[in-house]
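A.B. asks: Pasting in a structure now, in structure tokens, and then I'll have a few things to ask.
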């Protein structure tokens, strides 16, 4: 049943993806990492890493619009659960995002950087975490805001998040310089933790609640229904 | 004009009791209870009365703070129950959005898939049938961005009706339509009411007068009236009169096309009493509420 | 009566009426912009950050020609928030489907654009007030030195205005709310990545709205080569051009608007060209002089046996320096503590703010003519002082240089001196005891340094030698720090002659001071001692 549903939904869901923001964010990201090679500008490795990060942010901004659905009010009251609809969109994004990211790293390699190669693995974890935060944030906006368009809120939220991660005191900072002694730890715990938290957030906020107050309502809310219903 | 009286004795398909919802400090719904049976029921009320909130709860798009709702015996306060409700539900939201790049057929087909119609052949048949029903047979292949407002509204109705739901919730479907389109829409809704439970939210008393066997008036989150349109009209019996000048003490009064004033309220002795309309009854119902609220 | 006059005016002067409508709309939008969640949050966060107590100790000794430039970077954040906020305001009518209605109103779209542009003024004034408050706060610090540049101070608010105007333009060009976040990404890339890090593209860097400069230490203001005025002109041109562009795009194609746009383009180009000319030959010569032979530009003041020579702007710090020097002297025995000492402020001006950016410093002190200059000026073997002050780290750096001079009789001879004998122990201990802040300063230096051993940097930010101890020697210093200060001080005074003798071993020094030296490890033997 679910399988047939997923198969039937693949093509139309693909068409409902927000192509304009995804394409704009992706193109800008590629243009940014391509700029040093085109101009040409020589960037020290620390700065080149930052540039790749900005490109990742650009892609994450596009992903903030992933869950936007202009027909959301209609599709919000159908038997296909929101979790399945969100999962489908996210699953369709994944191969696109992966391909785009490989392209970003490949283009960044062309930059006339003075120094060693880029830390590909660590940067990939950062990009994945940022994108996951972006999509999770969109799911949260839909869950708590109730509208059908989350991107215009989730996008700036991701920028604010990134700015905070770069500006907080060094002890809590996730955007550390590539020669920072805590680099490995920050990625192993900080970024991976953020990625895990974002995935959990995305999952939790993609569930549509059946009662209004989940904390007391999981039990109490149901009881309210039962009590009133027996009148 | 109205549904067969037999349906009123049939068991209710939808029952609502004690629905309450607060939204940012204001009470959007306050202890709302009623039952719906087969046929078209009208939900009347001024802007901000809580109609859309009530309809969103009935369509399981929003859970209530308190209260019970059952649709065909299913309770949407559990995941399985909500799933069961949604399988029998058709919903036309107040501002249905569209994917503008889709054709009318593709959009209704997409909604049909989301309604778990996974057999491609049967689904396409069903989609075609619904589009034919709403008079869009010729516009099936047109992109939604090329359709007029009235046609888009019909696409939304087709999307609500696809899958043959037994409970249909329509939130102001006739807003923004010209009189001819509205007439056509009324026919469609009346047809949809055959063998289904339809709840129609509207500002237009004519919609109710022409379509509904039953009417619920909602104002400031509370039910002010629940009965037949005739009963609502009768509530204004003896409380509409004409005069040469605007009457003092009337709840409402306006100059009609003939130059005489039509007044609503407690008529003075010897006033020329007029035959009330459904609208008079509606105004009495919500004005009565205003008095009650002030008292 | 008044109403009647008003009505007549309305009939007589629809243009004036429309102007009033634009102003009213601008007021309305200005309020909404200030309360936009992003703008409001950015402003609150920035203010809290400014007012947060316990910042860097150097904030108590602000150098105004550095502080003015530092006001800009924080305001960039408010500017980016304003970009998103102003863009949202322009798109609001589209987003909520009222464009079809608004489009038919008396106020034409381009007039509404003008109102949006005007609505940015209060926010910009607010940021200007923040900058003014920062300046006042710096001026009221007792340790303030230098001169602030109005152009640098005005650049921050100008940046806020530029970004917000870009937000308005984007709203008029793209219907999507997606354009503003993307523009934010572009600005971040331009300023924080290309603006900071691109080398070999000086002209390109200057075009970035926020002009960063490498070179960590403040310079005397007469050596500053930042084309702040031309950069401000460039920004003003850019703001006007962008604003005129927004009006043009929304249908205001009058000759005046076009003329403004062309004028702004010209101003912008002039600013762009002039700001990229680089420092004049006279300035270059002055910078070389200040770097190589600073004595001719400096003023000297004597405090007891010490003479302090500094660029005139920095002479208010003389007493601060003297407190540290007296602290070290006080620990030395009679006959040593009265020794003549000279302290001279050093800068490396050829790589300073908006210098040519050669990026490499010569190995200190070779390559400079300091020794010759000092001899000529009558201040032989002067200890270097820097152009930044405040806090234990700065104090211990100066204290260590003074201690080195008193113990060794001369300054460090190499760029970084690893001291592998008992005298190193003494120098470090003296440095930590100079003032109440110096021991804490050493701990905070060590907290953010890596590798073995302990080091104290140069007091002039790398222009003179820093001092380094191996773990072997530093262990003795730590042991000494655990002893009562008075007891250790008495031993130092009593054994000064033996402790400062050439070739005194670490073990011997430890013995003299009443503590134990740990055995040498393989790590200790790796160091190249002098």
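A.B. asks: Report the Stokes-Einstein translational diffusion coefficient (µm² s⁻¹, integer) for region C:292-526, Rh taken as the Kirkwood radius over Cα pairs, at 20 °C with viscosity 1.002 mPa s.
C.D. replies: Answer from the Stokes-Einstein relation: 118 µm²/s.
A.B. asks: Related question: Top mean-square fluctuation among A:63, A:97, A:154, Gaussian network model of chain A, C-alpha springs under 10 Å?
C.D. replies: The residue with the greatest mean-square fluctuation here is A:97.
A.B. asks: For a protection proxy built on the mean count of beta-carbon atoms within 10 angstrom, sort C:244-256, C:328-340, C:377-389, C:73-85 highest first, please.
C.D. replies: Numbers: C:244-256: 17.4, C:328-340: 15.6, C:377-389: 21.7, C:73-85: 26.1.
Going by the mean number of other Cβ atoms within 10 Å, highest first, we get C:73-85, C:377-389, C:244-256, C:328-340.
A.B. asks: Any idea what angle helix C:179-188 forms with the longest principal axis of chain C, computed on alpha-carbon atoms, 0 to 90 degrees, nearest 10?
C.D. replies: Once rounded, one gets 30 degrees.
A.B. asks: Let me have the relative contact order for region B:233-294, percent, based on Cα pairs under 8 Å that are six or more residues apart.
C.D. replies: Taking the mean separation of contacting Cα pairs over the length of region B:233-294, I get 40 percent.
A.B. asks: Further question on the same structure: Classify region A:1-69 from the C-alpha gyration tensor, please: rounded if a/c falls under 1.5, else prolate or oblate depending on whether a/b exceeds b/c.
C.D. replies: In terms of gyration-tensor shape, prolate.
A.B. asks: Top mean-square fluctuation among B:41, B:256, B:62, Gaussian network model of chain B, C-alpha springs under 10 Å?
C.D. replies: Residue with maximal mean-square fluctuation among B:41, B:256, B:62: B:256.
A.B. asks: Only Cα pairs under 8 Å and at least 6 apart count here; give the relative contact order of chain C as a rounded whole percent.
C.D. replies: Over chain C, the number comes to 12 percent.
A.B. asks: Can you work out the PRE-style zone for residue C:471? Point 7 Å along Cα to Cβ, and I want the residues of region C:496-530 with backbone N under 14 Å.
C.D. replies: Label zone hits: C:518-527.
A.B. asks: Relative to the longest principal Cα axis of chain C, at what angle does helix C:318-329 sit, 0 to 90 degrees, rounded to 10?
C.D. replies: Its long axis makes an angle of about 30 degrees.
A.B. asks: How long are the semi-axes of the equivalent ellipsoid of chain B, defined as square roots of 5 times the Cα gyration tensor eigenvalues? Whole Å, largest first. Before the final figure, lay out the partial values.
C.D. replies: Working: eigenvalues 268, 106, 55 Å².
For chain B, the semi-axes come out at 37, 23, 17 Å.
A.B. asks: Another question, then. Using only atoms on other chains, find how many Cβ atoms lie within 10 Å of each Cβ of peptide C:164-173 and report the average.
C.D. replies: Across the residues of C:164-173, the mean count of other-chain Cβ atoms within 10 Å is 0.
A.B. asks: Looking at the square roots a ≥ b ≥ c of the eigenvalues of the Cα gyration tensor of chain C, which shape do they give, rounded for a/c under 1.5, prolate if a/b is larger than b/c, or oblate?
C.D. replies: Prolate, because a/c is 1.5 or more and a/b exceeds b/c.
A.B. asks: If you take every DSSP beta bridge whose two residues both sit in chain B, what share of them, in percent to the nearest 5, is antiparallel?
C.D. replies: For chain B, the DSSP antiparallel bridge percentage is about 60.
A.B. asks: Could you give the angle, 0 to 90 degrees to the nearest 10, between helix B:278-294's Cα long axis and the longest principal axis of the Cα atoms of chain B?
C.D. replies: 70 degrees
A.B. asks: A follow-up question, please. May I ask for the Rg/Rh ratio of region A:2-209, computed from Cα atoms with Rh as the Kirkwood radius, given to two decimals?
C.D. replies: Rg/Rh for region A:2-209 comes to 1.00.
A.B. asks: Rounded to the nearest 5, what is the percent of antiparallel bridges among the DSSP beta bridges in chain C?
C.D. replies: Working: 8 of 20 bridges.
Within chain C, antiparallel bridges account for around 40 percent of the total.
A.B. asks: Same structure, new question: What does the average come to when, for each residue of peptide B:66-72, you count the partner chain Cβ atoms lying within 10 Å of its Cβ? Kindly include the intermediate steps, with their values, before the conclusion.
C.D. replies: Working: counts 10, 5, 8, 3, 2, 0, 0.
Mean partner shielding for this stretch: 4.
A.B. asks: How are the alpha carbon pair distances in region B:135-248 distributed across 10 Å bins from zero to the largest one, expressed in percent?
C.D. replies: 11, 36, 30, 14, 7, 2
A.B. asks: Would you list C:425, B:85 from fewest to most Cβ contacts within 10 Å?
C.D. replies: Least crowded to most crowded, the residues run B:85, C:425.
A.B. asks: In units of 2.2 N^0.38 Å, what is the alpha-carbon radius of gyration of region B:31-145?
C.D. replies: 1.24
A.B. asks: Can I ask one more? What does the structure give for B:90-99 when I average, per residue, the other chain Cβ atoms found within 10 Å of the residue Cβ?
C.D. replies: 5
A.B. asks: Can you pull the three principal axis extents for the Cα set of region A:54-132, in Å, largest first?
C.D. replies: Result for region A:54-132: principal-axis Cα extents of 56, 19, 16 Å.
A.B. asks: Right, here's the next one. Could you run the Debye sum over the Cα atoms of the protein assembly as shown, one equal point scatterer each and no solvent, and tell me log10 of I(q)/I(0) at q = 0.06 Å⁻¹, two decimals?
C.D. replies: -0.66
A.B. asks: What's the exposure ranking of C:370, C:527, C:52, going from fewest to most Cβ atoms within 10 Å?
C.D. replies: C:52, C:527, C:370
A.B. asks: Indicate, rounded to the nearest 5 percent, the antiparallel portion of the DSSP beta bridges found entirely in the protein assembly as shown. It would help to have the intermediate numbers written out before the result.
C.D. replies: Numbers: 38 of 69 bridges.
If we restrict to bridges inside the protein assembly as shown, about 55 percent are antiparallel.
A.B. asks: Also: For B:207, B:138, B:30, what's the fewest-to-most ordering of other Cβ within 10 Å of each Cβ?
C.D. replies: If I rank by nearby Cβ atoms, fewest first, I get B:138, B:30, B:207.
A.B. asks: Arrange the peptides B:13-23, C:21-31, C:223-233 so that the one whose residues have, on average, the most other Cβ atoms within 10 Å appears first. Before the final figure, lay out each step's value.
C.D. replies: On the way: B:13-23: 19.3, C:21-31: 16.5, C:223-233: 21.6.
Result, highest mean Cβ count within 10 Å first: C:223-233, B:13-23, C:21-31.
A.B. asks: Can you tell me the Rg and the Dmax, both Å, for the Cα atoms in region C:378-510?
C.D. replies: Calculated on Cα positions, Rg and Dmax stand at 13.8, 41 Å.
A.B. asks: Same structure again: Give me the three principal axis extents of region B:233-294 from the C-alpha atoms, as integers in angstrom, largest value leading.
C.D. replies: 32, 22, 21
Throughout, read-outs are computed from the coordinates displayed, never taken from laboratory work. None of these values were measured; they are calculated from a predicted model. Ideal geometry is used to build each Cβ from the backbone, glycine not excepted, and the neighbour counts take in all protein chains shown.
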